1. Test of the criteria: in the stretch 1-106, which GluC sites (Glu not before Pro) are in a DSSP loop and have at most 16 other Cβ atoms within 10 angstrom of their Cβ?
2. May I ask you to derive the relative contact order of the chain, considering only C-alpha pairs under 8 Å and at least 6 residues apart, and to give it as an integer percent?
3. Near Lys262, which aspartates and glutamates are there with a Cα under 17 Å away, not counting those fewer than 8 places off in the same chain?
4. Beyond 29 Å between alpha-carbons counts as too far, so tell me which of Lys14/Lys48; Lys168/Lys382; Lys74/Lys168; Lys106/Lys168; Lys30/Lys74; Lys204/Lys343 fall in that bin.
5. What FRET efficiency comes out for Asp127 versus Asn211 if R0 is 45 angstrom and r is the Cβ-Cβ distance? Round to the nearest 0.05.
6. Which of Met42, Met284, Met352, Met141 comes first, and how do the rest follow, when ranked by fewest Cβ neighbours within 10 Å?
7. Anything over 31 Å Cα to Cα? Flag those among Lys20/Lys115; Lys13/Lys281; Lys247/Lys302, in the order listed.
8. Give me P(r) over the stretch 262-421, computed from all C-alpha to C-alpha distances, binned every 5 Å, as integer percentages.
Amino acid sequence: MLTANSDIHAALKKYFGFNKFKGLQEEVVKSILSRNHTFVIMPTGGGKSLCYQLPALMQDGTAIVVSPLIALMKNQVDAIRGLSNEEGVAHVLNSSLNKTEVKRVKEDIVNGITKLLYVAPESLTKDENVDFLRSVKVSFMAIDEAHCISEWGHDFRPEYRNLRHIAKRIGDDIPIIGLTATATPKVQEDIIKNLGITGAKTFKASFNRPNLYYEVRPKTKNVDADIIRFIKQNDGKSGIVYCLSRKRVEELAQVLQVNGIKAVPYHAGLDAKTRSSHQDKFLMEDVDVVVATIAFGMGIDKPDVRFVIHHDIPKSIESYYQETGRAGRDGGEGHCLAYYAYKDIEKLEKFMSGKPVAEQEIGQALLQEVVAFAETSISRRKFILHYFGEAFDNKTGEGGDMDDNVRYPKKQKEAKDNAKL
Ligand code: ADP
Ligand code: MG
């Protein structure tokens with residue numbers, strides 16, 4: 001298919017109202033329009049959805065989009081419908097639909113109205129759905145959050161392993177597009193292999209976040225007081241404090257409140273109403289700080305989060321990157337402060353002990369990287385980017401001086417020694 005550059009830009013404007021592509025989007029769109037298998041690696045917020053939505057809207061037929069979370073699919077479908085006058089342009093196909101609704105979805109697809117069909121991987125394993133999709137025109141299949149296919153990813157979903165075979169059954173020559181924000185070379189290999197897209201055109205954006213400052217402090221028994229001091233030095237700014245356990249979240253939120261800090265707790269043990277009220281308070285800036293487990297953050301888009309504190313060190317560099325990545329989305333200051341004690345690593349190891357051996361081994365390997373990161377004396381940005389397979393020179397690279405090791409080399413060594421005591 002031949003598409004002039006001007007057509008792509010016109011379509012971007014027409015469907016999304018944007019004047020410019022972000023990062024590698026244009027190249028990705030062209031690759032998909034040329035019916036290549038395509039692999040897209042971009043950090044969260046990089047604009048991956050548009051990479052497949054735009055070519056889907058521009059082409060005949062329906063693009064099948066596989067996504068692991070029903071809530072995310074609904075959001076996307078609503079957003080696409082909001083851009084178009086035609087409600088049937090995007091649909092979700094899942095087990096929650098009744099017969100009439102399924103009929104409507106299928107009619108819209110058959111009539112060529114539906115450009116994007118979002119499906120959960122479970123629904124795609126159903127024969128009747130596969131048979132139906134075989135019988136209609138499919139433009140391509142996009143696998144969002146493609147890291148779910150890998151045991152090395154943070155969110156392994158066994159059903160993702162079938163997608164390759166299902167795509168084959170739906171059509172022999174359907175282009176497959178994998179998209180992920182997981183940048184480790186191991187996960188990438190897994191994705192390519194399991195989707196069967198060797199030779200896919202690969203587009204990888206930089207994972208550098210030059211405006212984030214990375215700092216690791218030894219975790220002592222005075223950690224709470226240290227956090228309070230830090231927050232008070234950053235009075236009036238928005239921040240997130242991550243803790244491992246719900247109990248710790250509750251305790252720390254209280255300690256902060258008692259010390260005059262406007263803070264609320266957030267974890268999956270709170271009822272839905274409290275959770276959404278606390279989240280709203282944070283977004284509306286009625287409170288400055290959310291103390292949370294990792295349950296907080298998925299899909300939270302507050303651009304001016306000024307600090308992310310890890311009261312407990314996370315279980316992988318990926319998690320650390322994702323969680324710290326919620327700071328400084330607007331490009332402004334973002335201080336990422338993690339507290340580290342080897343004791344906490346042992347705690348995390350203990351959590352894994354009930355799991356299958358293979359999973360434990362992977363968990364161990366991921367944890368060892370966290371230890372190496374916490375204890376390193378080299379540029380933390382260099383460490384993170386290297387972990388993601390990206391070369392970085394902190395003398396010349398953007399944000400090269402934005403971490404404790406580069407700024408205060410000596411002090412850091414003492415801190416390291418203290419952490420071992
Ligand atoms: P990802 O899936 O990579 O995390 P999203 O697809 O959710 O990212 O996009 C993140 C944000 O970027 C969205 O608010 C989206 O509207 C915006 N965005 C995407 N592409 C562009 C663009 N070309 N110009 C301006 N904003 C864009
Ligand atoms: Mg996305």
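1. Glu86
2. With pairs under 8 Å counted, the relative contact order is 15 percent.
3. Hits, sequence-local ones excluded: Asp224, Asp226, Asp235, Glu250, Glu251, Asp280, Glu285, Asp286, Asp288, Asp304.
4. Details: Lys14/Lys48 18 Å; Lys168/Lys382 40 Å; Lys74/Lys168 26 Å; Lys106/Lys168 20 Å; Lys30/Lys74 26 Å; Lys204/Lys343 36 Å.
Pairs exceeding the cut-off: Lys168/Lys382; Lys204/Lys343.
5. Efficiency computed from Cβ-Cβ geometry: 0.35.
6. Met284, Met352, Met42, Met141
7. Over 31 Å apart, Cα to Cα: Lys13/Lys281.
8. Taking every Cα pair in the stretch 262-421, the percentages come to 2, 8, 14, 18, 19, 16, 13, 8, 2, 0.
Bear in mind these aren't lab numbers, they're just calculated from the coordinates by the rules spelled out. Since we're looking at a predicted model, the values are computed, not measured. Cβ sites come from the backbone with ideal geometry, for glycine too, and all protein chains shown count toward neighbours.
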